[in-house]
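Chemist: Below is the structure I would like to discuss, written out as structure tokens.
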Amino acid sequence: MNRRTKVSWGILSTARIGTQKVIPAMQKGEYSQIVGIASRDLQKARTAAKELGIPKVYGSYQELLADKDMEAVYNPLPNHLHVGWTLKALEAGKHVLCEKPLGMNLQEVEGLLNKVKKYPKLKVMEAFMYRSHPQWQRIGTLIDKGTIVHHAGSEKKEITFEGCNQYTLRGDAFSRATQDDAAVPTPIEDGVANMRGIERIIESSRKAAWVKV
């Protein structure tokens, strides 16, 4: 990497997934530091900041985005606010880790993908933490190599992994990508494909028939 300093992160809202899972995990990271948290209720932001040892608080999301010291933001807002505030963060020059789902439907997510292209130096990633876990990365490698097939017969092989925090790993992986201007582990195109698959499943259920993805 070109530098070894930690990426400065801001959190949009005091949502439980952030305060109980994501923030404590990222605070243990090698490349991530949580420096600010925002809420529409300033007192909620202050309370969360005190409990979690976060130095900066903001009484609005826009105020956090206006802070030039903030390099990246985590967006755990309600689902219908994901696209809008992800775009506002990009407009403010911030990288964005957006909680799943990226949007409410395929049209929203495809629209987000098209708009993200206007910001080639900024990273956007959907927050699928399990994809950062070494066990799933290893399985992906085994599938790519053809080691795992549809029917493996009676052959069995046990693989063990040391305990880890997938939220910590995800935060550091995203932070490194922003520092190195490298591809994020889970590209936004994956989010589009996920939403397309979900909508096709719903369509198939409604029609009681197979539909093409």
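Bear in mind that the values in this text are calculations on the coordinates, not laboratory data. Only a predicted model underlies this, so the values are computations on that prediction, with no experimental measurement involved. Note that we place each Cβ from the backbone using ideal geometry, even for glycine, and neighbour counts take in every protein chain shown.
Chemist: Please state, rounded to one decimal and in Å, the Kirkwood hydrodynamic radius that the range 7-188 gives when every pair of distinct Cα atoms enters the mean of 1/r.
Modeler: 17.3 Å
Chemist: Just tell me which aspartates and glutamates come within less than 15 Å, Cα to Cα, of residue 123; anything on the same chain fewer than 8 places away is out.
Modeler: 71, 91, 99, 172, 180, 181, 189, 190
Chemist: Treating only the Cβ atoms of Lys and Arg (+1) and Asp and Glu (-1) as charged, compute the dipole magnitude of the range 170-213 about its Cα centre; round to the nearest 20 debye.
Modeler: In total the dipole reaches around 420 debye.
Chemist: Sticking with this structure for a sec: Charges only on Cβ, +1 for Lys and Arg, -1 for Asp and Glu: so what's the dipole of the range 1-157 about the Cα centre, in debye to the nearest 20?
Modeler: Result for the range 1-157 is approximately 360 debye, rounded to the nearest 20.
Chemist: Among the listed pairs 21/56; 100/207; 115/207, which are separated by more than 29 Å between their Cα atoms?
Modeler: 115/207
Chemist: Considering only DSSP states other than H, G, I, E and B, which chymotrypsin sites (Phe, Trp or Tyr not before Pro) in the range 108-199 qualify as loop sites with at most 12 other Cβ atoms within 10 Å?
Modeler: Here the chymotrypsin sites (Phe, Trp or Tyr not before Pro) that fit, given the DSSP loop and packing criteria, are 161.
Chemist: Another question, then. Quick check on my link table: of 68/121; 6/121; 121/145; 88/117; 44/121; 28/118, which ones sit more than 25 Å apart, alpha carbon to alpha carbon?
Modeler: 121/145; 44/121; 28/118
Chemist: If you place +1 on the Cβ of every Lys and Arg, -1 on the Cβ of every Asp and Glu, and leave all else neutral, what size is the dipole of the range 94-213 about its Cα centre, to the nearest 20 Debye?
Modeler: In debye, rounded to 20, the range 94-213 gives about 280.
Chemist: Loop-only GluC sites (Glu not before Pro) in the range 126-200, please: DSSP not H, G, I, E or B, and at most 16 other Cβ atoms within 10 Å.
Modeler: Here the GluC sites (Glu not before Pro) that fit, given the DSSP loop and packing criteria, are 155, 158, 162.
Chemist: Cut-off 10 angstrom, C-alpha nodes, Gaussian network model of the chain. Which of 123, 68, 145 fluctuates the most?
Modeler: Maximum among the listed residues: 145.
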